[in-house]
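What follows is a set of notes on a single structure, which appears directly below.
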């Protein structure tokens, strides 16, 4: 509970000075909070009305609109009575949507991690799509996946997995998809298993796996 609210609820039973001392708040701050109560009530009423409009737009668009598009729809509405000088801010909309548990559809970024080299040789599929093994350290599969970062960039993860145990035996992470990335993952797998002699490594036809360096 808000400490100022506690003081206000019990001021008829105890002195405000004593309550503020016990709760370690200043009386001036309490009285300032109390004097702002009418403004807070007006904001709550305004937010409730705005929340209803946000919910109406969100529902009309089948839950696909996020805060920015909901805001644009409300600002563009001829019935909007906020006026051009007091246009709705998308951050205000986002706050109210979070409070109401409304989250718009976000299309995931698609990142292409397999870039084939046109002139690279096409190696036969030795596994014939049978991704199993009778013993460990005989058949491995590998791939590269992207890891989205909050700043909008990506990191890339190369993996080496034993088809017998499904164990991750090697991996590497970098901010690029150059051949060194998969080489580092295989080097780690070699170190974990001691040797990869005689093993089959299956991957896609991405340029990093068909390069001369690899």
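All of the numbers you see were taken from the coordinates with simple rules; none came from a lab. Predicted model only: the values in this text are computed from it and were never measured. Glycine gets a Cβ as well: all are built from the backbone with ideal geometry, and neighbour counts include every protein chain shown.
For residue 126 and residue 3, the FRET efficiency from 1/(1 + (r/R0)^6), where r spans their Cβ atoms and R0 equals 41 Å, is about 0.05.
Modelled this way, with points 7 Å down the Cα-to-C-beta line, the labels at residue 37 and residue 204 are 6.3 nm from one another. Spacing of the modelled spin labels on residue 46 and residue 195, each 7 Å from Cα toward Cβ, amounts to 7.7 nm. Taken over the alpha carbons of segment 1-90 as equal point scatterers, the Debye sum produces base-10 log I(q)/I(0) values at 0.24 Å⁻¹ of -1.15. Quote the FRET efficiency, to the nearest 0.05, computed for residue 95 versus residue 180 with a Förster distance R0 of 30 Å and r equal to the Cβ-Cβ distance. E(calc), rounded to 0.05, equals 0.10.
The angle between the Cα long axis of helix 67-76 and the longest principal axis of the Cα atoms of the chain comes to about 50 degrees, rounded to the nearest 10. Look at the Cα gyration tensor of segment 115-214: its axes a ≥ b ≥ c give a/c of at least 1.5 with a/b at or below b/c, and that counts as oblate.
Inter-label distance, residue 64 to residue 134: 5.4 nm, where each label sits 7 Å from its Cα along the C-beta direction.
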